[in-house]
Amino acid sequence: MKLLFPWLVIACASTARVEAADHIVFPGGSIQAAIDGAANGDRVLVQPGTYNQAFQFNGKLLEVRSVGGPLVTTLDGTGIANSIVRCDQGEGLGTKLVGFTLRNGNGRGFPSSFGQDFYGGAIFAGGGTKLAIEDCRIVHNGWSSGAPNNCTFGGGVFCGSSQITLTRCVIADNFAWACGGGTLVDGTGSMTFDRCTVVSNVSTNFFGQQGGIGMANDGDVFVRDSIVYGNYGNQIDAFGAPYNVGCVAVCNWSLVQGGFAGTGNVNADPLFTNLAALDVSLTAASPAINVGDPAAALDADGSRRDLGAQAYFHTSIVPFCFGDGSVLTCPCGNDGAPGRGCANTINGSGALLSGSGVLGNDALLLNATGTLATSSCVFLQGTLAAAPVAFGDGLRCTGGTLKRIAVKSAVSAGVSYPVGWELGIRARSAQLGDNITAGSVRRYQVYYRDPTTNFCPAPVGNTWNVTNGVEVSWP
């Protein structure tokens with residue numbers, strides 16, 4: 001496929017060849033055609049949708065990446081008697097597959113004493129390839145390669161005499177009857193698992209039943225900050241003798257059902273949200289939270305690394321400074337409802353400020369409700385928490401260095417920041433001279449106009465009120 005906007009590609013002036021080009025594939029288009037038209041170093045960018053097709057890299061050093069991520073971009077192998085993705089012509093370091101769900105793959109067939117054996121239900125790598133697989137969901141592959149055997153080796157991923165690195169991948173509900181329900185590395189190859197979740201995969205052969213991560217014939221695996229749990233038979237193991245010769249498994253800082261020798265490993269139920277539905281997000285009580293490699297980079301919420309593909313996001317937004325009488329009576333006895341600000345002239349419950357969003361991406365959204373219908377509102381940021389003091393008809397507990405993050409008008413008694421193209425709060429704060437570094441805490445309140453001067457008679461003339469506050473710990 002040709003580049004959609006070829007004039008946007010920057011080339012070195014001394015050469016006729018562009019350094020890198022993006023080839024865009026839309027639903028109904030061919031990923032293979034885009035690969036065929038690409039050169040080493042190019043990217044194939046796949047738009048959201050479901051693609052019932054298989055493709056191979058054909059020896060090219062490419063990055064095949066979804067634009068929207070695995071929840072909205074699926075490679076479906078239904079009816080295709082092959083692996084969904086093949087990378088078996090010595091593709092070099094830098095070859096990547098990023099951001100897809102791969103399902104219903106069958107595996108690549110080779111003649112055998114059983115008629116045919118099938119390798120790599122979703123992904124087949126061979127020929128000395130160096131492939132990085134990132135942010136993918138490899139689920140329900142290897143179940144229908146051809147009765148009675150289905151997939152034989154590596155129901156999710158097969159790596160033969162190659163090097164595969166899997167990062168933040170979910171490998172679940174895959175099947176290979178002989179070895180490696182989830183994955184198999186064979187023939188002096190290696191597979192590295194970094195923050196992966198390998199669960200509910202199946203291998204039923206009498207040679208060992210390696211349902212999770214399998215090895216054979218000098219194949220090695222390296223597992224870090226991952227979860228290997230609930231797979232049929234052995235979680236991490238080599239195929240039966242004599243095919244287990246030379247196999248090595250190194251596993252550290254991981255949760256493995258039944259335990260595994262290594263540094264920092266955990267043997268416990270990971271407490272997924274809903275394993276039966278393959279929702280492998282972690283619940284708040286999970287023993288996989290904050291127990292990853294202490295030398296590794298922190299998670300997006302600023303905490304020590306969690307195990308598995310889906311890190312638990314710690315709540316870093318805490319409400320405080322309530323105008324409900326719990327910290328201080330409101331200026332004229334106008335206490336609001338629990339957890340809210342002081343009552344105002346039209347809302348006896350008071351206004352409520354809440355925060356949500358992914359702080360690591362500067363996506364904090366502050367939302368105030370229960371103000372007056374069209375009142376002018378000021379989003380106030382402070383570096384310190386102060387003792388509550390009367391402030392207009394409300395209470396203010398935001399102190400230290402104060403910044404007016406935004407001034408906006410309420411719509412139907414509600415107002416939010418940021419919206420649309422407005423700067424994120426972290427960026428806006430930096431623009432105002434307060435750089436929010438990792439580990440910093442900021443407090444927020446919204447004060448708003450309430451023009452009825454006799455609502456709180458002492459002192460007369462106060463024409464504003466305040467929401468409760470929220471305290472934000474920035475990663």
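At-a-glance table
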read-out	value
Cα gyration tensor category, rounded, prolate or oblate, for segment 194-306 with a/c compared to 1.5	oblate
Beta bridges per DSSP with both ends in the chain, % antiparallel, nearest 5	40 percent
Net +/- balance of residues flanking Asp88 in space, Cβ distance below 15 Å, scoring K and R +1, D and E -1	+2
Computed E for Gln431/Phe222 - FRET, C-beta separation, R0 51 angstrom, nearest 0.05	0.70
Charge tally in the Cβ shell below 10 Å around Val470, where Lys, Arg are +1 and Asp, Glu are -1, Val470 excluded	+1
Radius 12 Å from Cβ of Thr165, net charge of other residues (Lys, Arg +1; Asp, Glu -1)	+3
Segment 317-473: relative contact order as a whole-number percent, Cα under 8 Å and 6+ apart	29 percent
Segments 83-91, 297-305, 64-72 sorted - mean Cβ within 10 Å per residue, highest first	83-91, 64-72, 297-305
Residues Ile80 and Leu423, FRET efficiency given R0 of 35 Å [Cβ-Cβ distance, rounded to 0.05]	0.15
Cα gyration tensor, segment 360-428 - rounded (a/c under 1.5), prolate or oblate	oblate
Per-residue HN-Hα couplings for segment 43-55 [Karplus 6.51, -1.76, 1.60; θ = phi - 60°; Hz; x = Gly/Pro]	10, 10, 9, 9, 6, x, x, 10, 10, 8, 7, 10, 8
Nonlocal Lys pairs with alpha-carbon distance under 24 Å, the chain (8 or more apart, or different chains)	5
Contact order normalised by residue count of segment 346-431, Cα under 8 Å, 6+ apart, percent	31 percent
Point-charge dipole on Cβ atoms (K/R +1, D/E -1) for segment 6-264, about Cα centre, debye to 20	220 debye
Beta bridges by DSSP in segment 6-264, antiparallel share as percent, to the nearest 5	10 percent
Hz values of 3J(HN,Hα) by residue in segment 154-171 - Karplus curve (6.51, -1.76, 1.60), Gly and Pro given as x	x, x, x, 9, 10, 10, x, 6, 9, 10, 10, 10, 10, 10, 6, 10, 9, 10
Spin-label pair Val411/Ser326, simplified geometry with 7 Å Cα→Cβ offset, distance in nm	3.1 nm
Peptide ranges 156-163, 125-132 listed from the most packed, as the mean C-beta count within 10 angstrom indicates	156-163, 125-132
Whether segment 99-177 is rounded, prolate or oblate, judged on the alpha carbon gyration tensor where a/c under 1.5 counts as rounded	oblate
Sequence-distant residues sharing a close amide H with Gly399 (under 5 Å, placed H)	Thr383, Leu384, Ala385, Ala386
Contact order normalised by residue count of the chain, Cα under 8 Å, 6+ apart, percent	7 percent
Using a Förster distance of 25 Å, the FRET efficiency for Leu298-Gln53 (Cβ separation, nearest 0.05)	0.05
Centroid-to-centroid separation of segment 368-447 and segment 312-357 [C-alpha atoms, Å]	14 Å
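None of the figures in this text is laboratory data; all of them are computed from the coordinates on show. On a predicted model such as this, the values are computed, not experimentally measured, just so you know. Here Cβ is always computed from backbone atoms with ideal geometry, including for glycine, and neighbour counts include all displayed protein chains.
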